[in-house]
Number of protein chains: 4
Amino acid sequence: MSTQQDSPATSSRVQRKRGQRIQKILTTAAELFGERGYDAVSLEDVADRLDVTKGSLYYYFASKEELVTAAIETLGNDWTDRLERLASETGGPPAQRLRTLIHEHVTIAVRDYPEALRLFLVPTKWPEPQRERIKSLRLRHNEVFRVVLEEGVGTGEFVVTSIDTVLQCMHAAMAQAPAWCGPLRGTARARAVGELTDTLMMLTGLRPPRA
Amino acid sequence: MSTQQDSPATSSRVQRKRGQRIQKILTTAAELFGERGYDAVSLEDVADRLDVTKGSLYYYFASKEELVTAAIETLGNDWTDRLERLASETGGPPAQRLRTLIHEHVTIAVRDYPEALRLFLVPTKWPEPQRERIKSLRLRHNEVFRVVLEEGVGTGEFVVTSIDTVLQCMHAAMAQAPAWCGPLRGTARARAVGELTDTLMMLTGLRPPRA
Amino acid sequence: MSTQQDSPATSSRVQRKRGQRIQKILTTAAELFGERGYDAVSLEDVADRLDVTKGSLYYYFASKEELVTAAIETLGNDWTDRLERLASETGGPPAQRLRTLIHEHVTIAVRDYPEALRLFLVPTKWPEPQRERIKSLRLRHNEVFRVVLEEGVGTGEFVVTSIDTVLQCMHAAMAQAPAWCGPLRGTARARAVGELTDTLMMLTGLRPPRA
Amino acid sequence: MSTQQDSPATSSRVQRKRGQRIQKILTTAAELFGERGYDAVSLEDVADRLDVTKGSLYYYFASKEELVTAAIETLGNDWTDRLERLASETGGPPAQRLRTLIHEHVTIAVRDYPEALRLFLVPTKWPEPQRERIKSLRLRHNEVFRVVLEEGVGTGEFVVTSIDTVLQCMHAAMAQAPAWCGPLRGTARARAVGELTDTLMMLTGLRPPRA
DNA sequence: CATGAATGAGGATTCATTCAT
DNA sequence: CATGAATGAATCCTCATTCAT
């Protein structure tokens, strides 16, 4: 009865298709959850934006919670990947590299994931298993910045009271970036992103650029 | 013969009682909503913590939304009042006054209204009327800091790229304070609050104190 | 402690006051219930329109049901009283007297009790005791019309298939009168009431007046 | 190979099933709402009679209001359809056709939709959108009777004071029919319906048939 | 008498989740 | 795989009723 041939070729094409499907779902979910928060988004909402039915989502994810977690995870990993790549490609003194990282991070946040970033900040009371995964995500992400920051402190280029505190402040501020810069367009947005970057660099003890 | 004797007296006593009742509700509500967010808190939760029934809440507030809004408003006003008083009582150069304000703000956040600040930051999609009231609250609150910041910039003591951006970063970071410092106890917490204050002061272009 | 003197004078004055109070309540209640129906009117609504609190109503009536019943009863009795008086004062042939009755009935309905009449028609499932009282009210009220109708049939002036059926149709139509004529003003309303009266008279086998 | 085979077929079968389901709900709802009125019927009641859960109703209708409106609409349209068909099939002079219409209308009311008519009469305060739809329903329904009535008036067969008034009285009386004839059984009911029809025909200026 | 306050039992509505097809 | 359908638990909200003062 079944016309399905599980040849490796088919299987892999199917596999790819499946992967894309899931990616699409995760992106959309992250978007929505970031926009309104976990509780305010129903699976119906997600399904609607994807133009499928609620039932379909359950084929890929066992529960709402699993969906958000996966969304956060994928998104966080992609994001961190990009930053890590950028960090490894960028040379120059720590100050310049940190600036590049911050700028890129804010740009990604504002341009690619308009709202999703907030998901990392708000410590919604996840059940234990999820909490762990998210925590480790945050750690890995944080590490990219910490490395540069520590190097700068090591060379005396940066002067800070507490590296951890600086990192926290940076992330808190960057997470709000979409809310501040998102509504702006074109040059105005670019300038806002620039000012935010400059301002955050001051946390390292540098003076503002044009002052 | 004295059928009127209790008109003004009683009325005012009753009035006072009512005011207290409402305050109690508002505080409790702000607490809960701040802890878990609007959607994650049911009126049952609020009622439970107050040891009354859901129905009673509706005697004072027409809807869940009205309750949160009122809670946010009272809380925000009280908070700003305290900061304004502090600002007017504190002398010295802008740097010192700003530091005092930040320190107090963080302290209040961590000690008195654990988590409640998030209500101001997270842009829960309030219906228009509420949004306006909350916005104006935030503005008034922001003003306290802005005044000092502008003064410092005027005297050249502070050097910043953009006053608005600095304010935004400060508030974003301070709003996370309870999540960072809240779990700590005693000296550890005091030190954390201090480091946060010092770090945020760097946004004004000052070098870290003991570096 | 009590300054209350139960002298007959006081008592009767109090009694009168009480009576007026109750009348006011009943009228208002009948109005509201007639307007929107039993279920759609809350005691709060009644209290609001009377400018008292819900609690006060319970001083005079033990329950919502008792209030409506009393409202219907008073209103029905007053109404029937007026019609009975009118019937006994009016002379002439049955046709003329019936026309007078119908006209007066519609006028009262439209002018004095804009909405309350419907209370008699809609057989809301009252509990037994109430049902009986309302039924007997309706009977007494109906009797005024029946007497004249039967007389006319007796003299051969009226020609009908069934007296009961004619009565039912009349009452059904008259109960809708406020909905039809109520919105009209001045002459327009007077004409509408006139046409309704003429039309209903045709149920007795008379030709329309101006035809 | 036939992975598409069931697209149109299935879809239409599913569609039909859905239609039937909705019809079933609508009928049941109209029944209940007609019996007891909008406020006195809970969705639980409707669900119970359908042997499903409240939640299921919300799968088909977004709110209680939408459900009643739809119920009224379907019911009203079906009803009017039947009358219109009857009107177009019936020949003879206006008097005979009007009598047929009235008789059929009352019969439908008493037999098929006991009590449902009240929904059209009682001006439950619907929100504007619903009110319009119901109003137009009533108009269409009224038209069937008006056409015949006007024709009779045109030929001089009917003599009335006001066509509109006659129509209103007819509908008011017919709406009460279920309350009068419903409790009766067999011949008694048939006779009651007959008497009502005869009586209402008198509104056109005809004398009663066998008098 | 009258009021403010509180209650508890419904009733409307939402939504994650399950499942047959 | 995907969908439509159904469910039931939770949640918001209303309201008749009670009661202390």
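The values are calculated or read from the model by the stated rules, or taken from the named source; none is laboratory data. All figures in this text were calculated on a predicted structure; none of them were measured in a lab. With ideal geometry, Cβ positions are generated from the backbone for all residues, glycine too; neighbour counts draw on all protein chains shown. What goes into the accessible areas is simple: the full protein's heavy atoms, side chains included, and nothing from ligands, DNA or RNA. Shrake-Rupley method; radii C 1.70, N 1.55, O 1.52, S 1.80 Å.
Brief remarks follow.
- Cα-based helix-to-principal-axis angle, D:186-201 vs chain D, degrees rounded to 10: 60 degrees
- Diffusion coefficient, µm² s⁻¹, Stokes-Einstein with Kirkwood Rh over alpha-carbon pairs of the protein assembly as shown at 37 °C and 0.692 mPa s: 96 µm²/s
- Two-decimal Rg to Rh for segment C:10-166 - Kirkwood Rh, Cα set: 1.05
- Nm distances between copies for A:Arg21, ranked from closest, using label points 7 Å along Cα→Cβ: 2.3, 5.7, 7.3
- Our helix-only sum for chain A, with -39,500 (n - 2.57) per DSSP H run of n ≥ 4 divided by its residues, gives a mean residue ellipticity at 222 nm of -24500 deg cm²/dmol.
- Choice from C:Val46, C:Val110, C:Val159 showing the highest fluctuation, given a GNM over chain C with Cα pairs closer than 10 Å: C:Val159
- Compactness of segment A:62-120 as Cα Rg over 2.2 N^0.38 Å, two decimals: 1.33
- Amide H contacts under 5 Å for A:Phe158, placed H, 5+ residues apart: A:Val153
- Rolling a 1.4 Å probe over the protein chains gives B:Tyr60 an accessible area of about 60 Å².
- Alpha-carbon gyration tensor eigenvalues x 5, square-rooted, for segment A:156-211, Å: 24, 15, 5
- Shielding by partners for peptide B:187-200, expressed as the average number of C-beta atoms from other protein chains within 10 Å of each residue's C-beta, is 3.
- Distance from the Cα centroid of segment C:60-104 to that of segment A:180-204 is 79 Å (rounded to whole angstrom).
- C-alpha long axis of helix D:94-107 to longest principal axis of chain D, angle in °: 40 degrees
- Above 12 Å, the calculated P(r) of segment B:28-68 contains 52 percent of its Cα-Cα pairs.
- Cα→Cβ-extended label distance, 7 Å offset, between C:Asp78 and C:Glu157, nm: 3.1 nm
- For chain B, excluding the exposed loop sites themselves (trypsin sites (Lys or Arg not before Pro), DSSP loop, at most 12 other Cβ atoms within 10 Å), the longest remaining stretch covers B:1-124.
- Inter-copy spacing of C:Ser63 label points, which lie 7 Å from Cα along Cα→Cβ, given in nm from shortest upward: 3.2, 3.3, 4.6
- FRET efficiency estimate (nearest 0.05) - Cβ-Cβ, C:Arg18 to B:Asp112, R0 60 angstrom: 0.65
- Virtual spin-label span in nm between C:Glu143 and C:Tyr60, 7 Å along Cα→Cβ: 2.8 nm
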